[in-house]
Amino acid sequence: MLNYNSFIPYARQSIDSTDIEEVTKALTGHFITRGPYVKAFENAIAEYCGAKFAVSFNSGTSALVAACHVGKLSQNDRFLTTPNSFVASTGAAFLKGTIPTFLDIVRCSGNIDLHQLEANINLPLSRGRNVVLPVHFAGIPVDMEAVDQMICNPDTFVIEDAAHALGASYPTGQKVGSCAWSNLTVLSFHPAKNLTTGEGGMVLTNDEELYQDLCCFRNNGIQKTEEMTVTQGPWYYEVQEITGNYHMTELQAALGFSQLKRLDAFVAKRQALVSLYRELLENIPHLSLFSRKHDAYSAYHLLVVQIDFAAYRTTRAQVMQLLEAEGIGSQVHYIPIYRHPVFKNNIAEISDYFPEMEIYYNQALSLPLFVDLTPEQVQKVCACLKKILAVS
Ligand SMILES: Cc1ncc(COP(=O)(O)O)c(C=O)c1O
C-alpha cells in the first residue's frame, strides 16, 4: 500500500477551507442538485472563458458525449482528431457511429499536426461533413484561429476538447473556452485537472440552439416550453428522444464555483513549477520538454518529459518502478488511441501511419505537477530521475 501522506503523486486536487465552506453551504441549502450553485458555476465559467452559454455535466466524458450528440455526428461524417488523448475524446464520437480518422501529432507540444489537418479538413464527402476535434494537450492550446482559417466549408463542425486547458489562452488573447473559432468546447473537472468538482464537465458554446439542445440532452431529453405550460398545464413536458441523466450536483458545482476563484493563481503556481522543472532538467542528454514557445499561453496541466530510454539502456517501466520506490508517481499520457483494440478494426484508411505519435509514445513520461507540489518536491523528483538515469 502506498503511503499517501509522503508519496508524491503525478497529479492531485488542491482543496482549501473556502472550498469546504462553499460545499457545506450547498449541503445545508434547500437544493442539493439542480439548484442555484449549478447555475452560478455555469455562469461564472462562461464569463471566465468569454462564451455566451455553459452547460454542466456529471463528467467530461458525458460532456463530450453531449457535444457529439447535439453536433449531430453520424456515420457519414469524417471525424478528424488526435490520437494523443484520453479515449473519451474519440469514444464520444464513436458512440454516434462516426469512424475516427486520426492525424499525427507534433512532438514539440503533443498536439495535432496542423499541416496534416490542413491536408484533410476540406476533403469532399458524398454525404456527411468534416468534423474536427482537436485536444489542447497538457494545457497547450491548439491554434484555433489557424484551424478556422483552413476551413473552406461552413458546414465543418468544430469541437474543442479543453479537458486539460481551462485557464489557457490562445495567442491572440482570447481564453480557451471562448469558442471564438469552434462550435463547442468541452471541459473536465476530474481531480487531476486544473479545477475540480470531484467528477464533472462542461460544454461551452455561443450558439443558443446548441445550448438548448445540450440542456435537453442532459435532462433525459425533456422539452418543456411556456406554450406547453399554458395549453396543457404546469406539470406537462414532452420527450422527443431518449438521452439520459447527466446532471452535476449542487455539491460539485459549489466546489467548482469556489475553485474558480483561485484558477488564475493555480495556473500561475503550475507555471512556476514548470519553470523550475525546466531549470533542473535542461541540458540532460536524450531528454526534452515541450517547446518554451507555448509557455506564454499554456494552462500547464501536465509536465511531460520525452526520454530516449534505450539510450540510457533502460525501459520506461523500469524508470517508473524506480521512481515509485522513491515515493514518486508518474504516468504516461497517452497510449495512442488507435492502439486500443476497440479502434484497431475501426479506424479510417488514412490512419495507418503515425511516426511522430509512435516516437512520442515510446518516450513520454509525465512527472508530478499539481498546485500543492512544493519546489523541494520538484527538486527531489528531478534528483531521483537523474540518479535513475545515472546523469549528474
Ligand atoms: C483529453 C481528455 N478528454 C476527456 C476527458 C474525460 O474527462 P472525465 O474524466 O471528466 O470524464 C479527459 C479526462 O481524463 C481528458 O484528459
Practice prompt. Determine, for Glu250, Glu241, the number of other Cβ atoms within 10 Å of each Cβ, and report the residues in order from fewest to most.
Written response: Glu241, Glu250
Discussion item. I'd like the distance between the alpha-carbon centres of segment 355-392 and segment 88-127, rounded to an integer number of Å.
Written reply: 29 Å
Fill in: Local electrostatic count, Lys293, Cβ distance below 13 Å [Lys/Arg +1, Asp/Glu -1]
0
Worksheet, complete the sentence: Net charge near Ile8 (other residues with Cβ under 12 Å of its Cβ; Lys, Arg +1; Asp, Glu -1) is -2
Practice prompt. Can you grab the distance from the C-alpha centre of segment 246-275 to the C-alpha centre of segment 143-161, Å, no decimals?
Written response: 28 Å
Worksheet item: What is the Å³ per residue value for the convex hull set by the Cα atoms of segment 204-289?
Response: 192 Å³
Worksheet item: What do you get when you divide the Cα radius of gyration of segment 215-260 by 2.2 N^0.38 Å, with N the number of residues?
Response: 1.53
Worksheet item: How many percent of DSSP beta bridges within segment 1-145 run antiparallel, rounded to 5?
Response: 10 percent
Fill in: Semi-axes of the equivalent ellipsoid for segment 35-133, Cα gyration tensor, largest first, Å
28, 17, 13
Practice prompt. Collect residues whose amide H, placed 1.01 Å from N in the peptide plane, falls under 5 Å from the amide H of Asn130; neighbours closer than 5 in sequence don't count.
Written response: Arg78, Phe157
Worksheet entry | Most positive-pole-ward Cα, Ile32, Phe53, Ile20, against dipole of segment 19-73 from beta carbon charges | Phe53
Discussion item. Looking at the chain only, what percent of DSSP beta bridges run antiparallel? Nearest 5 please.
Written reply: 60 percent
Discussion item. On a 28 Å Cα-Cα criterion, which of the cross-link pairs Lys39/Lys175; Lys344/Lys380; Lys344/Lys387; Lys224/Lys261; Lys25/Lys96 come out too long?
Written reply: Lys344/Lys380; Lys344/Lys387; Lys224/Lys261; Lys25/Lys96
Worksheet, complete the sentence: In whole Hz, the Karplus estimates of ³J(HN,Hα) for segment 62-72 (6.51, -1.76, 1.60; θ = phi - 60°; x where Gly or Pro) are 5, 5, 5, 4, 4, 4, 5, 6, 6, x, 6
Worksheet item: Projected onto the charge dipole of the chain (+1 at Lys/Arg Cβ, -1 at Asp/Glu Cβ, origin at the Cα centre), which of Phe257, Thr225, Pro9 gives the Cα projection farthest towards the positive end?
Response: Pro9
Worksheet entry | Total charge dipole magnitude, the chain, about the Cα centre, Cβ charges on Lys, Arg, Asp, Glu only, Debye to nearest 20 | 860 debye
Worksheet item: How do Met357, Met248, Met150 line up, fewest other C-beta atoms within 10 Å first?
Response: Met150, Met357, Met248
Worksheet item: How would you rank 227-235, 362-370, 113-121, 58-66, highest first, on the average number of other Cβ atoms within 10 Å across their residues?
Response: 58-66, 362-370, 113-121, 227-235
Practice prompt. For every helix of n ≥ 4 consecutive DSSP H residues, a contribution of -39,500 (n - 2.57) applies; sum these over the chain, divide by its total residues, and give [θ] at 222 nm rounded to the nearest 500 deg cm²/dmol.
Written response: -10500 deg cm²/dmol
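Read-outs throughout are calculated quantities, based only on the coordinates presented, and are distinct from any laboratory measurement. Remember, it's a predicted structure, so these values are computed and weren't measured experimentally. Methodologically, a virtual Cβ is constructed for each residue, glycine included, from the backbone with ideal geometry; neighbour enumeration extends over all protein chains shown.
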